Amino acid sequence: MKMTLRWYGSEYDTVTLRQIRQIPGCVGVITTLYSTKPGEVWSRESIRTMKEEVESEGLEISGIESVNVHDDIKIGLSTRELYISNYIKTLENLGKEGIDLVCYNFMPVFDWTRTDLAKERSDGSTVLSYDQDIIDKINPTKMFEEMDADSSGFILPGWEPDRLTRIKELFEMYKNVDEERLFQNLVYFLKSIMPTCEKYGIKMAIHMDDPAWSIFNLPRIINSKENIQRLLDAVPVINNGLTICSGSLGSNPDNDIPDMIRSFKGRIHFAHVRNVKHVAPGKFEETAHLSSDGSLDMYEIMKALYDINMTGPIRPDHGRMIWGEKAMPGYGLYDRALGVAYLNGLWEAIEKSNK
Ligand code: DNO
């Protein structure tokens, strides 16, 4: 495996490439072109500029997270052809610049979702948390119409102000998209892009739904062993692979993550490894990476990744906010750096005990 950290680019991130380089064992970043919108073609020049910036600090771009998929593709509108052809052009440009891993998601309207971005814990740290009861009380189209995006407390990927103004329209567009239709649209998308991925050796790695169930009555399909296996079988090419995210899958205690990792051997191209604590059904909060701080056994997760001979990038995921750091919720330096050190420690111990 390759240890990496997500980086939001010099324009947006509070964490610098130099700081990332100083985390022991961290060799690369996972990043994206933050100025682009879903559906746009990424130019070779902008990809090269981003690459040069990262490499000048002694790191590599280990993968892109994400090349976002346009809603028209998820909904299956006829205009999807244009956006698929743009996606293919972006993949070609990435391939020509030597980038071979693309993480993406297929969640309608919203990406990962939380109800509190700074829940205080007894030690004074703050974490992201989720409570289904709060979500159930929200009428998303109404709430977003009435609120000022900056005061929402819900600013997360997919909740950006320019999308919030279209929220009613987006819900309307997804009205007839059920799980089966979403699945078929995903398969259609993957089959269209696979020849390009095979040509350039690009591994597509779909991110798990977070939380791992439907929210606001929108369909979600990448959240259980059975559903994920169905996708792998529907497009049975290695380049159609997964981003295993322990925290996302782990939001549902029924998901046996080490077992899933072993079953998906050969198709896991990227892993987000973090812990989560189940508070009650439909309620969870994020924790430090350490097993004893949450509900997941991080040793077993790393052991499963080791056993399947994971060679792709791994990154710690959402950290707590600690030591007075001010950063994007979940994406500060300190706790994610502690996460890297811990995951590297587990890996070294597993590796040595297997010699
Ligand atoms: C959350 C992230 C996700 C992920 C996307 C991939 O912290 O893991 O936003 O980047 O779902 O497209």
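The values are calculated or read from the model by the stated rules, or taken from the named source; none is laboratory data. Since the model is a prediction, treat every value here as computed from it, not as a measurement. Because the Cβ atoms are built from the backbone with ideal geometry, glycine has one as well, and the counts that use them run over all protein chains shown.
Note on region 8-44: residues that are at positive phi and buried (at least 16 other Cβ atoms within 10 Å of the Cβ) total 2. The lone criterion from (1) among the aliphatic types (A, V, I, L, M); (2) touching a residue at least 40 places away in the same chain (Cβ under 8 Å); (3) surrounded by 18 or more Cβ atoms within 10 Å (Cβ to Cβ) left unmet by residue 228 is number (2).
Residue count for region 326-352, restricted to those that are surrounded by fewer than 17 Cβ atoms within 10 Å (Cβ to Cβ) and free of Cβ contacts under 8 Å to residues at least 24 places away in the same chain: 4.
Here residue 275 meets each of (1) more than 15 Å from the ligand (Cβ to nearest atom); (2) among the polar types (S, T, N, Q); (3) crowded, with 17+ Cβ neighbours inside 10 Å with one exception, condition (1). If the condition is being farther than 14 Å from residue 44 by Cβ and among the charged types (D, E, K, R), then region 87-122 contributes 100, 111, 114, 116, 119, 120, 121.
A quick yes/no check of all residues on (1) among the hydroxyl-bearing types (Ser, Thr, Tyr); (2) over 27 Å from residue 351 (Cα atoms); (3) part of a helix (DSSP H, G or I):
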{"site": "228", "(1), (2), (3)": "no, yes, yes"}
{"site": "232", "(1), (2), (3)": "no, yes, yes"}
{"site": "238", "(1), (2), (3)": "no, no, no"}
{"site": "242", "(1), (2), (3)": "no, no, no"}
{"site": "247", "(1), (2), (3)": "no, no, yes"}
{"site": "258", "(1), (2), (3)": "no, no, yes"}
{"site": "272", "(1), (2), (3)": "no, no, no"}
{"site": "300", "(1), (2), (3)": "no, no, yes"}
{"site": "304", "(1), (2), (3)": "no, no, yes"}
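If the condition is being within 16 Å of the ligand (Cβ to nearest atom) and either more than 25 Å from residue 180 (Cβ to Cβ) or out of contact with any His (no Cβ under 8 Å at 6 or more places or on another chain) (or both), then region 67-86 contributes 67, 68, 69, 70, 71, 73, 74. Residues that are among the basic types (Lys, Arg) and either over 14 Å from residue 110 (Cβ atoms) or at pLDDT below 95 (or both): does region 204-220 have at least one? No, because not a single residue in region 204-220 is among the basic types (Lys, Arg) and either over 14 Å from residue 110 (Cβ atoms) or at pLDDT below 95 (or both). Looking at 321, 310, 298, 328, just one residue is at pLDDT below 95 and either more than 16 Å from the ligand (Cβ to nearest atom) or more than 29 Å from residue 354 (Cα to Cα) (or both), and that residue is 328.
Restricting region 274-298 to residues that are of a type in the set (Lys, Arg) and in contact with a Gly (Cβ under 9 Å, 6 or more places away or on another chain), which is farthest from residue 344 (Cα to Cα)?
Filtering first and then ranking leaves 277.
For the structure I just gave you, tell me whether residue 287 is within 16 Å of the ligand (Cβ to nearest atom) and under 21 Å from residue 126 (Cβ atoms).
On the way: within 16 Å of the ligand (Cβ to nearest atom): yes; under 21 Å from residue 126 (Cβ atoms): yes.
In short, yes.
Applying the condition of being among the charged types (D, E, K, R) and under 21 Å from the mean Cα position of the chain (by Cα) to region 304-341 and asking which residue is nearest to residue 30 (Cα to Cα) yields 315. The single condition among (1) in a helix (DSSP H, G or I); (2) within 16 Å of the ligand (Cβ to nearest atom); (3) touching a residue at least 40 places away in the same chain (Cβ under 8 Å); (4) closer than 20 Å to residue 312 by Cβ that residue 182 does not satisfy is (4).
Could you count how many residues in region 45-55 are surrounded by fewer than 18 Cβ atoms within 10 Å (Cβ to Cβ) and either among the polar types (S, T, N, Q) or within 26 Å of residue 3 (Cα to Cα) (or both)?
Looking only at region 45-55, we keep the residues that are surrounded by fewer than 18 Cβ atoms within 10 Å (Cβ to Cβ), and these are 45-46, 48-49, 51-53, 55.
From what's left, either among the polar types (S, T, N, Q) or within 26 Å of residue 3 (Cα to Cα) (or both): 46, 48-49, 51-53, 55.
So the count comes out to 7.
Scoring residue 58 on the criteria (1) on the phi > 0 side of the Ramachandran plot; (2) crowded, with 21+ Cβ neighbours inside 10 Å leaves a single failure, condition (2).
May I ask you to list the residues in region 189-202 that are surrounded by fewer than 21 Cβ atoms within 10 Å (Cβ to Cβ) and not aromatic (Phe, Trp, Tyr)?
If we filter region 189-202 for residues that are surrounded by fewer than 21 Cβ atoms within 10 Å (Cβ to Cβ), which is where we start, we get 190-192, 194-196, 198-201.
190, 191, 192, 194, 195, 196, 198, 199, 201, listed by residue number.
Would you be able to say whether some residue in region 335-350 is in contact with a Ser or Thr (Cβ under 8 Å, 6 or more places away or on another chain) and either among the β-branched types (Val, Ile, Thr) or not in a loop (DSSP other than H, G, I, E, B) (or both)? Yes, region 335-350 has at least one match.
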